[in-house]
1. On average, how many beta carbons from a partner chain sit within 10 Å of the beta carbon of a residue in B:193-203?
2. If R0 is 35 Å, what FRET efficiency do you get for A:S15 and B:F90 from their C-beta distance, rounded to 0.05?
3. How would B:S254, A:S164, A:S15 line up from fewest to most surrounding beta-carbon atoms within 10 angstrom?
4. Over the C-alpha atoms of the protein assembly as shown, what are the Rg and the largest Cα-to-Cα span, Dmax, in Å?
5. From largest to smallest, what semi-axes in whole angstrom does chain A give when each is the square root of 5 times an eigenvalue of its alpha carbon gyration tensor?
6. Fewest first, what order do A:W259, B:W275 take by the number of other Cβ atoms within 10 Å?
7. Label points 7 Å out from Cα along the Cβ direction at B:R16 and B:F116: separation in nm?
8. Testing the spin-label approximation: label points 7 Å from Cα along Cα→Cβ at A:E278 and B:S183. State their distance in nm.
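What follows is calculated from the coordinates using simple rules that are stated; it is not laboratory data. Note that the structure is a prediction, hence the values are computed from the model and not measured. No Cβ is skipped: glycine too gets one built from the backbone with ideal geometry, and neighbour counts run over all protein chains shown.
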Amino acid sequence: MPEFKSDPFLLRRRSNSEKIVDKGFKSLVILMASMVAILLFGIFLVVFGGSIESIGRYGLAFLVTSEWNPVTDKYGAFTAIYGTLLTSILSLFIAVPLGVGTAIFITEDVIPAKLRFLIGGMVELLAAIPSVVLGLWAIFVMEPFIRPFLIYLNNSFSWIPFFSTQPVGPGMAPAILILVVMILPIITAISRDSLNQVPKKLREAAYGVGATRWASITNVILPAAISGIAGGVLLSLGRAMGETMAVTMIIGNSNNFNWSILSPGNTIAAMLANQFGEADGSQVSSLMFAALILMLLTLLVNIFAQWMVKKLSLKY
Amino acid sequence: MNNIPYNSKGSLNYTRVSSRNIWNKLLNVISACFSIITILPLILVLIYILVKGSSQINLELLTQLPEPPGDDLNAGGIGNAIAGTFIVTFIATFISVPIGVGGGIFLAEYSQDGKFSKFIRFGTNVLAGVPSIIAGIFIYGAIVSTKILFGTNFSALAGGLALSILMLPTVIKTTDEGLKLVSDGLRTGALAVGASKFTMVTRITLPAAINPIATGIVLAISRAAGETAPLIFTGLFSFYWSSGPEALLNPIASLSVLIYNFALEPYEAQNQLAWAASFILVLMLLLTNSLARFLGRFAPK
């Protein structure tokens, strides 16, 4: 009878050092994951803590008064809040049809696959251009180019409050256009991913019952992909609200409230970039308050985006 | 035989003039136009950077210091800004990659979809949505104004920290997703032959997922290198070279802040320097992006 010899390397107990390493590694990665929570908490704490003085002094009136005067030490963020919402929402109105249209064009087989990859790749490259370079381009190339159109708008439609001022160079209209350029790649990329995830069966079924390409896109494929697209649109809204450099360079940084999109204006992010470095005393606190508002706005939009993706997603 | 008229309205033949086919063609054309409009800015920006920036590139520009703005026709070079961008991005990578990969490992390998990991995933998404200027303000409030880092205020280290906040969510997400692509057979196999979980992660799953993770890291680096907003009141700017270890605690130049500062100067020479810096920055970012795509090709199937 062969005898089983107990092999010292079989079924050995784990050495203590191995156990310690194993446990230590687990604690380490838990700690690293917790850094996200610590950071978020820290960001909120610093921004909220910095703005307490201003919150105490102005309260909610900060949101609706538009005077921003470091000399008399009176602050109200309405101009910047209006600018933030107006520029981001208007840019979304322009960017969504363009982005979704492009995404459809490069997921359908209207043109050869190589061309589609080329266009898709170029959209991705556009996302790689830093915001500050787009700002430089906006100052020296885009704004002078579109100024005649803006002057025409003012001359023909000055009875509309949005076009009621003479364009003077930097302003909200060029800022909106540069925001369109900045959020287009996000909308296009996310819409393309959502469209690609629509099961092939749906498309084949639509073609099978005799739908044309666009009938199947508008009636079958877009509704199936709508959750991802809507989420992407909201994400890009959050991005547009927080976008700083390009907007700072082209919006004109005026704290005087004006309805007109042709006049210089401000966004919260632009105001922070422009004034934070030189601010002191209660101006810092008011800027922190504005930063808190921006943070809450983007947080709200982002949470809503995540909720929407979950809520609207159809299960196939 | 039934007599279905096959030449009337219900024909199965393709009729070019029917409204549905005209609509189809029209929408094809409209979406093509939209695509062209979408890529037009990229082409225009690249052309202008190429025309205005590349013509000035020479060895002096790449190695000299920038001159403080003035009427002077010579704006100097961008040598210290190029070096600064590398230094700050390196600091950010050095901080965010270990933490991000560790966080991703936790989410993919250790979490049991409990409340904590759900919260961390949610927090990662929230952190990814935090505007970059807020990251700058946070570092300013926490580090620069408190002078907590060895009594210095504006410093390369502060700038790197601000950028690392922006990189962190990307690194965590790509690590998490990359590890999830690794088949469970490898995991159970490793555990079955007696590997500890630490050995399993570091020797089996992490190497198997290294490509998507590397792609994500390179993408995060290229995004961070182009960021300006977090740097303008953390790393600030400098007209001098950063050398020696004490450079980490001094203000530092970077290409993106140089572009921002000099684009708004009223002097032609400074504006030209901003174009040259844009050319170099975009070139660097396009190279790192191509590297990321190249790495992405080898993703596990």
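1. Numbers: counts 0, 5, 0, 7, 4, 10, 4, 1, 4, 2, 0.
Average per residue, whole number: 3.
2. On the way: r = 38 Å, r/R0 = 1.08.
E between A:S15 and B:F90, to the nearest 0.05, is 0.40.
3. On the way: B:S254 33, A:S164 16, A:S15 9.
Ordered by Cβ neighbours within 10 Å, fewest first: A:S15, A:S164, B:S254.
4. Just the Cα atoms of the protein assembly as shown yield Rg and Dmax of 27.3, 107 Å.
5. The answer is 45, 35, 17 Å, longest axis first.
6. Numbers: A:W259 14, B:W275 24.
So the residues, fewest neighbours to most, are A:W259, B:W275.
7. About 6.9 nm separates the two model spin labels.
8. Placing both labels 7 Å beyond Cα along the Cβ direction yields 6.3 nm.
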